[in-house]
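Quick notes on the structure that follows.
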Amino acid sequence: MIAVILGCGRVGARLASVLDQEGYDVRIIDRNTDAFRRLSPDFRGQAIVGSGIDDDVLMRAGIDKAAVFAAVTNDDNTNIMASQIAKVLHHVPKVITRIYDPSREDTYHTLGLETVCPTTLGAQLIEQMLDAYEKQKKEAQPLAGAEVKS
Amino acid sequence: MYVVVAGGGKVGFYLAKALIAEGHEVLVIEREARKAEIINEELGSVVLRGDACEASTLSEAGVNRADVVVAVTGHDEDNLVICQMAKKKFNVPRTIARINNPKNEQIFRLLGIDSTVSSTDLIMQQIEQELHAQALVHLRLLRDADLELIQAPVAPQSAVVGKKLREIRFPKETLILAVVHDGTTSVGSADTRLEAGDLVIALTRASREPELRALLLA
């Protein structure tokens, strides 16, 4: 099964390794050759240099035969456009789009893209950790803040 | 008309200037402070500073009452997102995007953008017309109708030389609109005779073009 990943940043490179380990035939695209240094040394997939919003480049990566496409460049609009090419033009069965801007994520989620927003996720996670900490503090010192009555 | 122009580069600037001169209400959205300042100085206060890809900027620009949104930044992906946001989130009736990669024309259409303008394509067409006076030239593509307006010379070796239009079996769905003979244009009629070197202007379905080409040029 072919998995095409757009963007060889930290997330892209890691995802490439994980999917490679899981047995996918991984093709990873980045505009910048240097980015491929992030790939783990035992990565067996293909690295393709080019723009992810250029259909010729996506075709070189085998987008028309791909089972999975993940767009994880650091540019929201590149991810959005490439994902729509994958989904609408090439009918890739599973397309996942990273979008940093929460309001843009909301719009495109409504329009039918499967989106991941690290901004919202990160904020939520930190908030949960703080909540847990507050709760823990209260439990550890049940009398803290209570009024002393004689 | 209220026109929102996203992108205050050279294309955006001159477009805004022309639209204002025609009496339209224009707002330019530009991210960079310096560019915004220059446009404001030249054209009056017509710039909103901000990222046109963000819903909050578009909302501030009053895009919901815009008749047209034109996205003319230098990035195809940004122009796509601007037009899609305008169309899907703010119900703008007409969106126009500038594109750099001519291949994106088809993709943008598939993704719901009303019109695209590709400077690469325009320049290519111009070159085609200038350089290949002897070949078939696409004058206009009527995209929604799937029709092409083309211009082609009659080659000396073509079987149509010396024949009247009524005697020629043209491909189906092809209409000969005019024939240019020695610099004089006549509207095509059944009795118009074709000579070598005449220019034929025809309307044809895109899929019929190769047949027509073969008939006139072969």
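Values for this structure:
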read-out	value
Among the candidates B:Ile201, B:Ile176, B:Ile113, residue that is assigned to a loop (DSSP other than H, G, I, E, B), surrounded by 12 or more Cβ atoms within 10 Å (Cβ to Cβ) and aliphatic (A, V, I, L, M)	B:Ile113
When residues of region A:104-147 are limited to those that are of a type in the set (Asp, Glu) and within 14 Å of chain B (Cβ to nearest Cβ), the one farthest from A:Thr78 (Cα to Cα)	A:Asp106
Qualifying residue in region B:88-98 (condition: among the β-branched types (Val, Ile, Thr) and assigned to a helix (DSSP H, G or I))	no
Scope region A:48-67; condition buried (at least 19 other Cβ atoms within 10 Å of the Cβ) and more than 14 Å from chain B (Cβ to nearest Cβ); matching residues	A:Ile48, A:Ala61, A:Ala66
Count - residues of region B:1-52 that are assigned to a strand (DSSP E or B) and either surrounded by fewer than 18 Cβ atoms within 10 Å (Cβ to Cβ) or modelled with pLDDT under 95 (or both)	3
Condition check for B:Ile107: crowded, with 18+ Cβ neighbours inside 10 Å, at pLDDT 90 or above and not in a helix (DSSP H, G or I)	no
In region A:76-103, residue surrounded by the most Cβ atoms within 10 Å (Cβ to Cβ) [restricted to those that are facing chain B (nearest Cβ under 7 Å) and not hydrophobic (A, V, I, L, M, F, W, C)]	A:Gln84
Counted residues, region B:81-102 - those being within 11 Å of B:Asp114 (Cα to Cα) and buried (at least 24 other Cβ atoms within 10 Å of the Cβ)	4
Helices (runs of 4 or more DSSP H) enclosed by region A:56-150 - at least 2 residues per element that are at pLDDT below 95 and not aromatic (Phe, Trp, Tyr)	A:102-110, A:118-140
In region B:1-34, the residues that are out of contact with any helix residue (DSSP H, G or I) (no Cβ under 8 Å at 6 or more places or on another chain) and among the basic types (Lys, Arg)	B:Lys10, B:Arg31, B:Arg34
Residue list for region A:1-47, filter: surrounded by fewer than 17 Cβ atoms within 10 Å (Cβ to Cβ), closer than 17 Å to A:Ile96 by Cβ and among the small types (Gly, Ala, Ser)	A:Gly9
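The values are calculated or read from the model by the stated rules, or taken from the named source; none is laboratory data. Remember, predicted model here, so these are calculated numbers, not experimental data. Reconstructed Cβ throughout: ideal geometry from the backbone, glycine too, with neighbour counts over all protein chains shown.
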